[in-house]
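Student: Structure below; questions to follow.
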Amino acid sequence: MQQQQGAMGMGPQGPSQPYNISECNAWQEYEFYTQDELHQVFMMEVSRNPETLAQQALDTEGLMNVMNNTPNISNYYVNWSREVFSIMIAKFGHSRDGFMQWPEFLELQEHLVHWFDNFMQYDVNRSGFIAGQELVVSIISTLFEQTAIDNTTVITLIKRFSKKTCLAFDGFVSVCVRLRAYTDVLCFFHKPPSCDRQSNHLCYDGPSIIQCTVCILPLPHY
């Protein structure tokens, strides 16, 4: 395994270009004419449940309905499992109340489009799965662009998060969200005082922290 490949985010055509989430318009990728159309989809689902209507937010079931039953969105991805939506709300629902507000929903969509683009860079044969080194490099380049990854960490990732060393996109998202969330917690407590805690990049023994995180994460369901 080449450590620099994981650190730089190498795609099939060479190093991937830096990606700015704020420049991503998910509604355009989903072929809506305006962002308002995506907002209307969000609000229509919110209004179906008195509890979510009161919160002006989606719960897990509502998010699942939007993602799986809105043609513009469901045609873009795959059919998601309920477990993945619980993970999404836990990560992107910043209020930690089990609901997802519109800004959080939009942030999630922007990340999903970015992650899907990254995933497809490595799914060269368009099988819907990525495997082996491509799987690990894709995870690392998606989450930890500036972190050098050693062979032990690569092997740990493959063994822990693969079904015959393969992941479909929903499993990939599950791994990315959990790995990022858990690693953020470990990094917060282990970063040296001189390290910028607002940084998105690991700066304290990154590979060891990732290995610890991988060992405590549950396996994706297939």
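Student: Would you call Ile130 among the β-branched types (Val, Ile, Thr) and in contact with a Gly (Cβ under 8 Å, 6 or more places away or on another chain)?
Tutor: no
Student: Please list, ordered by first then second residue, the pairs with beta carbon atoms under 6 Å, 6 or more apart or interchain, first in the stretch 128-154 and closer than 21 Å to Phe169 by Cβ and in the same structural domain as Phe169 (by TED's automatic domain parsing), second among the hydroxyl-bearing types (Ser, Thr, Tyr) and modelled with pLDDT of 75 or more.
Tutor: These pairs meet every condition: Ile130/Tyr122; Ile130/Ser138; Glu134/Tyr122; Ser138/Tyr122.
Student: Related question: I'd like the full set of residues that are assigned to a helix (DSSP H, G or I), among the aliphatic types (A, V, I, L, M) and either surrounded by fewer than 18 Cβ atoms within 10 Å (Cβ to Cβ) or in contact with a strand residue (DSSP E or B) (Cβ under 8 Å, 6 or more places away or on another chain) (or both), limited to the stretch 107-133.
Tutor: Within the stretch 107-133, Leu108, Met120 meet the criteria.
Student: Then there's this: Is it true that Met67 is in contact (Cβ under 8 Å) with a residue 24 or more places away in the chain and assigned to a helix (DSSP H, G or I)?
Tutor: Spelling it out, it is not the case that Met67 is in contact (Cβ under 8 Å) with a residue 24 or more places away in the chain and assigned to a helix (DSSP H, G or I).
Student: Residue by residue through the stretch 73-86, note down the ones that are among the aliphatic types (A, V, I, L, M) and touching a Ser or Thr at 6+ places or on another chain (Cβ under 6 Å).
Tutor: Selection gives Val84 alone.
Student: Can you pull out every residue in the stretch 41-59 that is without any contact (Cβ under 8 Å) to a residue 60 or more places away in the chain, closer than 20 Å to His111 by Cα and not in a loop (DSSP other than H, G, I, E, B)?
Tutor: Across the stretch 41-59, the qualifying residues are Val41, Leu58.
Student: Pull up the stretch 20-47, narrow it to residues that are of a type in the set (D, E, K, R) and modelled with pLDDT under 95, then point me to the one that is surrounded by the fewest Cβ atoms within 10 Å (Cβ to Cβ).
Tutor: Glu23
Student: I need a count of the residues in the stretch 92-105 that are surrounded by fewer than 18 Cβ atoms within 10 Å (Cβ to Cβ) and not polar (S, T, N, Q).
Tutor: So the count comes out to 6.
The values are calculated or read from the model by the stated rules, or taken from the named source; none is laboratory data. All values derive from a computational prediction rather than experimental measurement. Here the Cβ is made from the backbone with ideal geometry for all residues, glycine too, and neighbour counts use every protein chain on show.
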